[in-house]
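No lab work stands behind these numbers, since they all come straight from the coordinates. Model, not experiment: these values are computed from the prediction. FYI the Cβ positions are ideal-geometry reconstructions off the backbone, even for glycines, and counts take in every protein chain you see.
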Amino acid sequence: MRILSVNVGLPRQVNWQGKLVTTGIFKEPVNGPVMLRTLNLEGDRQADLTVRGGADKAVYAYPSEHYAYWRAELPGVDLPWGMFGENFTTEGLLEEAACIGDKFRIGDTEVIVTEPRLPCYKLGLKFGRADIIKRFLASRRSGFYFAVAREGMVAAGDEIQFIGHEQQETAVADITRLYAFEKDDVKGLRRVVELEALPESWKSYFQHQLEKRQRR
């Protein structure tokens, strides 16, 4: 497992459907090491902290393996590393294998898997097509966020070394599944609300869904 590309970008204003929108989704690969701090990479910022950024979503990782799927789905669309707004384009770590609470060493840093990415309208802005939002979620190729447990330098080519996980293993793919595809899996809902590393916003959402189903 390794980092193929480290991508950063500052917020910019763009026109989308007749409105001026500020977004940080435009990322470009960086040459050489970059400092990763608790809230983001050096040279990277988030425009809307209600949906992106903060300690639980300091870094967004997207598996390079998914690019082949999207090249087939979107023929003729240029798809350089960072196209999905990811900070880390990764190799060898997919949503089915990355578990909530998994801790990894990358370069000088240590990071923890926290949650999948849910697409917002800015992904449509980036691709110039609103249908990409539903297609992204339906593909289950979400990528995942890292929290930063130890700050340090990271660079393209760094290994992603597994160093530990929560006692209860729940994959990133399971969170997406319960959120969008198998909403009535009560056993799964009970499991995820107990995950220590899952952010409180997710646990509150799943707890609410669980209570609704138990009242039926």
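At 7 Å along Cα-to-Cβ for each site, give me the label-to-label distance between Tyr69 and Asn31 in nm.
It is 3.3 nm.
Which of Glu159, Glu110 has the fewest other C-beta atoms within 10 Å, and how do the rest follow up to the most? Write out the running numbers ahead of the final one.
Details: Glu159 12, Glu110 20.
Lowest count first: Glu159, Glu110.
Taking 0.36 nm per residue of separation and subtracting the Cα-Cα distance, what length does fully extending Asp78 through Glu182 add?
On the way: separation 104, 0.36 × 104 = 37.44 nm, distance 3.31 nm.
Contour length minus Cα-Cα distance gives 34.1 nm.
Quick one: length gained pulling Asn15 to Ser201 fully straight, 0.36 nm per residue minus the C-alpha distance? Walk me through the numbers before you get to the answer.
Values: separation 186, 0.36 × 186 = 66.96 nm, distance 3.05 nm.
Length gained, Asn15 through Ser201: 63.9 nm.
Under a 5 Å amide H to amide H cut-off, with H placed in plane at 1.01 Å, what residues pair with Phe88 once short-range neighbours are removed?
Distant-sequence amide H within range of Phe88: Asn7, Tyr60, Ala61, Tyr62.
Explain nothing, just the number: relative contact order of the stretch 2-184, from Cα pairs under 8 Å at least 6 residues apart, as a whole percent. Please list the in-between numbers first.
On the way: 405 pairs, mean separation 53.5, N = 183.
Relative CO of the stretch 2-184 lands at 29 percent.
How many nm is it between the label spots at Tyr121 and Ala149, if each spot is 7 Å from the Cα in line with the beta carbon?
Using points 7 Å along Cα→Cβ, the separation is 3.8 nm.
Evaluate the charge dipole of the chain about its Cα centre and quote only its size in Debye, nearest 20, assuming +1 on the Cβ of each Lys and Arg and -1 on the Cβ of each Asp and Glu. Present the calculation step by step, with values, prior to reporting the outcome.
Numbers: 30 positive and 30 negative charges, 204 e Å.
The calculation lands at about 980 debye.
With n ≥ 4 as the cut-off for DSSP H runs, can you work out [θ] at 222 nm for the chain, using -39500 (n - 2.57) per run divided by the number of residues, rounded to the nearest 500?
Values: 6 runs with 54 residues, N = 216.
Calculated from helices alone, the mean residue ellipticity at 222 nm is -7000 deg cm²/dmol.
Can you tell me how the chain classifies by the Cα gyration tensor, rounded, prolate or oblate, using a/c under 1.5 as the rounded cut? Walk me through the numbers on the way to the answer.
Values: a/c = 1.62, a/b = 1.18, b/c = 1.37.
It comes out oblate by the Cα gyration axes.
Roughly speaking, what is the stretch gain from Thr38 to Ala138, that is 0.36 nm per residue apart minus the C-alpha to C-alpha distance, in nm to one decimal?
Fully extending the segment from Thr38 to Ala138 adds 32.9 nm.
Ordered by residue, what ³J(HN,Hα) values in Hz, to whole numbers, does the stretch 28-42 give under the Karplus form 6.51 cos²θ - 1.76 cosθ + 1.60, where θ = phi - 60° and Gly and Pro are x?
For the stretch 28-42, the Karplus-derived couplings read 10, x, 10, 8, x, x, 10, 7, 9, 10, 4, 10, 4, 7, 4 Hz, x marking Gly and Pro.
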